[in-house]
Each structure stands twice: as C-alpha cells, then as structure tokens.
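Shown next, in structure tokens, is the structure this report addresses.
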C-alpha cells in the first residue's frame, strides 16, 4: 500500500483538473481521492488494494464489465495494423465500417446510417446541427428551436449543456442558450398535483409540451429531445402512456424526435434500444456509453431513412456537408465497439439486464421501500434508484444542507459497494454492469440496507428524522 502523501497523490491534487469535483477541497486535500488500478467483472480495485462492487458501471457505461480481454486484444490488434486514419471524404477502416453495419443491424427498423463521434455530448451537438441543416434544406430557416426537459441530461458543452435541464450544469456558465427551451420533466414522484395518477400525469406533461409549442409557434420548433427514461436527473422511468402522448403532440406539429440513448442503448433496459421498450419512433438516436462499454471513447448519431433522404438532398444541392471530427470513427475505438457488441451477444447481456435487473429492483424494493426515510424505489432494466424523504406521508424532502444522499453513498462505499448520489435531490442511483449476477445483486441490496439504516440512525440521533 502506498503512503497517502506520495508523489502520485501530490500530482493528482496539484496537476489534475477533475470533472464534476469540488476543485478547492480536492486541491487542498480536504476531500478523499481514489486512484483505481484495475477491475474484473463488476469489481474495481484501487492502489490500496480496496475492492469494490461497482454498482454504477463507471458512469453507466462499463456494460460488459471490467477486464474483458476480448476487447483489449481487439484494440491492440487494431493498433498494430492501423492505429488511425480519418473518415473524411469517404475514407474508412474495416473496423469502422463493420461497426456501422452492426449498429444499424441492431437499431430500430426505420434507422439508416450512423455518424460516429467520441462522446455523447458531441453526438448531441451533431444532432442539433443536423436538425438545423435539414430545416435549411427544406426551406424552413425559422424552424430551429429545440425543446428538452427539466432534469434531462444531454451533455456538458455549450449547446448540449443548454439541452441539459439541471441547474448545476447551467449556474455560472451563462446557460442555457437559445434556441433551447425546456418543458415539464416526466417525474411522477415529484409531480406538483398529487391527485394525478400516472396516465393523468402523462397527459399533463403532453399538454404542457403542446402549450409550449403553440406559444412559440410550431413553425419555429424543430425537435424535441428526450432520454427514454431520465438518467442523471434521478433515474426516473416515464409514467405510463407518456411517450405515446408526447409523440402524438410532436406529430401534430411536425416536430422531430431525438431519443438520447447514451445510457439506455445496447441493452441496459433489457432491450437492445429503450426506444423499442417504450414504443418510441425517433428520427435520430444518440448512442455512446454502451457502444464500447467505455473501453474506448466512441459515440454516434443514428439517423432515420427520412432524415438521411433530406441530408442527401442537401448534399446534392450544397455539396460536401461541413461537419466532422478529427477522431470520427477512430479505428481503435471502432475495434473496441465491434468486440464489445459481439461480447454483448455472446454473454446474453440484453436478456440478463432484463432478468437480473428485475430481480435486483424487486429485492431492493423488498429490502428498503418501507423504511421511514425512503420515499420511492424505482427503475427499469438494469437501472434503479432510491429516493429519500424526511417525511413519507407529506412527501417532505430533506434540507439539501443535510446531504443525506451523499452520506448514504459514503456509507455504502464503506461497505464495499459503489453507488451514485444523483444531483439535485437525495437520490441513490444504481446502474450496474449488465453482467451482474443475482448473488452480486444481493450484495448491493444488503449493503444499501445497511447504509440507509446507518444514516437514518444518525439523523434520528440528531433529531433530523424520526
């Protein structure tokens, strides 16, 4: 075990600008760091030898699990043969062409082509540009507004950060920027009118969207973007009939649908794409995390045949499309994607996400749903969340200063399990690798129950909870 004040710790705090980190506390050594050195299956190991069950798969992304030699060997073989060549002007590699074919094979029937990037953020930037380009080609230069939802997560760039509907991604960054708009989050547990059942709340959300489009002018609204189920905003499945009603509004006003499947794509909800699970018919699908299980950075924008036809018309009229990234369809990343999707099939991970995911969520609910500080246990497929409340009957939330969710995540970590404190609420999130077993699900559930009881005891002792 290395000493805490060794050179690596000093370099980490003195040189490394970490994302989503309290910068001052980290630099001053006031908050802990963790230097991860390895992983196997659903477990990670740090340099101090601590082994933890990663119940969040990195950031929803290590779907096949850690230490899969098949993917590492595919990357190495590609690096020896061709480490890089660009994809501009019709160039490609065997890996990038093969992966594009594999993605379209697995995508919903109406999808036609895939444009590769590196992250979900840049894929959604691509989507916005394509939507604007299309409307220019179609002679509708005023039809450019994009509607997202509050509590959505679509990236951290200027426009994708604007699409995101979480205050921490807007505050002090001068975001959101026009022409991005936001509408009601489909967050049933936090609905203002508690008299509404799920279907009535879905109707309410659709009516709010319809009213916004009408107020802005349908001739100015180009697209609606949504995660099939909210991810970072709280891991919230859509209320019953939500997507059916939302799509009816979009069709009425000729507004495109972008399905952000960065989290849900390639099996996480027990279907290859969540669009299929929820009856969505998107014009564009955003993909990333599960595409390579994060063994290499890669994203994509899958466009429908309808979109592709307009893009072709534009190219015939305007020439070469002025969009691309240096690392689009990078051969090493594409090789990782090919090996990853083959592994997803060979290991039966889509079915496992459905079966073991269902077992995990049921076991979690049975273990903690009746606890006095638990307001809701929810999820779908291999995604789950526990939301905490100060008073179940009145649905009274804790003061954010109490940091209840963060404390429970810390207590969970002490029990050898990694969960995530979701932003803007006391919410414990789970997104385990899709290879999770029932025995490993039981470990997560037992640790979660213990962590909740520990923090609830502290709250009761201090008079902050009953």
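If you filter the range 374-408 down to residues that are part of a helix (DSSP H, G or I) and surrounded by 24 or more Cβ atoms within 10 Å (Cβ to Cβ), you find that the one that is nearest to the chain's Cα centre (by Cα) is 405.
Condition check ((1) farther than 28 Å from residue 306 by Cα; (2) at pLDDT below 95; (3) over 18 Å from the mean Cα position of the chain (by Cα)) across all residues:
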position: 143; (1), (2), (3): no, no, yes
position: 161; (1), (2), (3): no, no, no
position: 173; (1), (2), (3): yes, no, yes
position: 197; (1), (2), (3): yes, no, yes
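The criterion of at least 1 residues that are touching a residue at least 40 places away in the same chain (Cβ under 8 Å) and touching a helix residue (DSSP H, G or I) at 6+ places or on another chain (Cβ under 7 Å) is met, among strands (runs of 3 or more DSSP E) falling completely within the range 2-73, by 51-54. Just checking, does the range 167-180 include any residue being touching a residue at least 12 places away in the same chain (Cβ under 8 Å), part of a helix (DSSP H, G or I) and either touching a helix residue (DSSP H, G or I) at 6+ places or on another chain (Cβ under 6 Å) or not assigned by TED's automatic domain parsing to the domain that holds residue 324 (or both)? Yes: the range 167-180 contains one or more residues that are touching a residue at least 12 places away in the same chain (Cβ under 8 Å), part of a helix (DSSP H, G or I) and either touching a helix residue (DSSP H, G or I) at 6+ places or on another chain (Cβ under 6 Å) or not assigned by TED's automatic domain parsing to the domain that holds residue 324 (or both).
Residue 352 passes every criterion in (1) in the same structural domain as residue 133 (by TED's automatic domain parsing); (2) touching a residue at least 24 places away in the same chain (Cβ under 8 Å); (3) out of contact with any helix residue (DSSP H, G or I) (no Cβ under 9 Å at 6 or more places or on another chain) apart from (1).
Comparison of 215, 222, 206 shows that the only residue that is in a strand (DSSP E or B) and under 27 Å from residue 132 (Cα atoms) is 222. The conditions of being in contact with a strand residue (DSSP E or B) (Cβ under 6 Å, 6 or more places away or on another chain) and in a loop (DSSP other than H, G, I, E, B) are met by residue 262.
For residue 112, the stated conditions do not hold, so it cannot be described as in a helix (DSSP H, G or I) and in the same structural domain as residue 242 (by TED's automatic domain parsing). Looking only at the range 141-155, residues that are in contact (Cβ under 8 Å) with a residue 60 or more places away in the chain and either over 17 Å from residue 257 (Cα atoms) or in a helix (DSSP H, G or I) (or both) come to 2 in all. The residues listed here are 181, 196; of these, the one that is surrounded by fewer than 23 Cβ atoms within 10 Å (Cβ to Cβ) and touching a strand residue (DSSP E or B) at 6+ places or on another chain (Cβ under 6 Å) is 181. In this entry, residue 436 is excluded by the filter for residues that are surrounded by fewer than 20 Cβ atoms within 10 Å (Cβ to Cβ) and either under 19 Å from residue 229 (Cβ atoms) or more than 18 Å from the chain's Cα centre (by Cα) (or both). Applying the selection to the range 299-317, what residues are touching a helix residue (DSSP H, G or I) at 6+ places or on another chain (Cβ under 9 Å), in a helix (DSSP H, G or I) and closer than 27 Å to residue 338 by Cα? Within the range 299-317, 307, 311 qualify.
The values are calculated or read from the model by the stated rules, or taken from the named source; none is laboratory data. From a predicted model like this one, the values you see are computed outputs, not experimental measurements. Quick reminder, even Gly has a Cβ in these numbers, built from the backbone with ideal geometry, and neighbours come from all protein chains shown.
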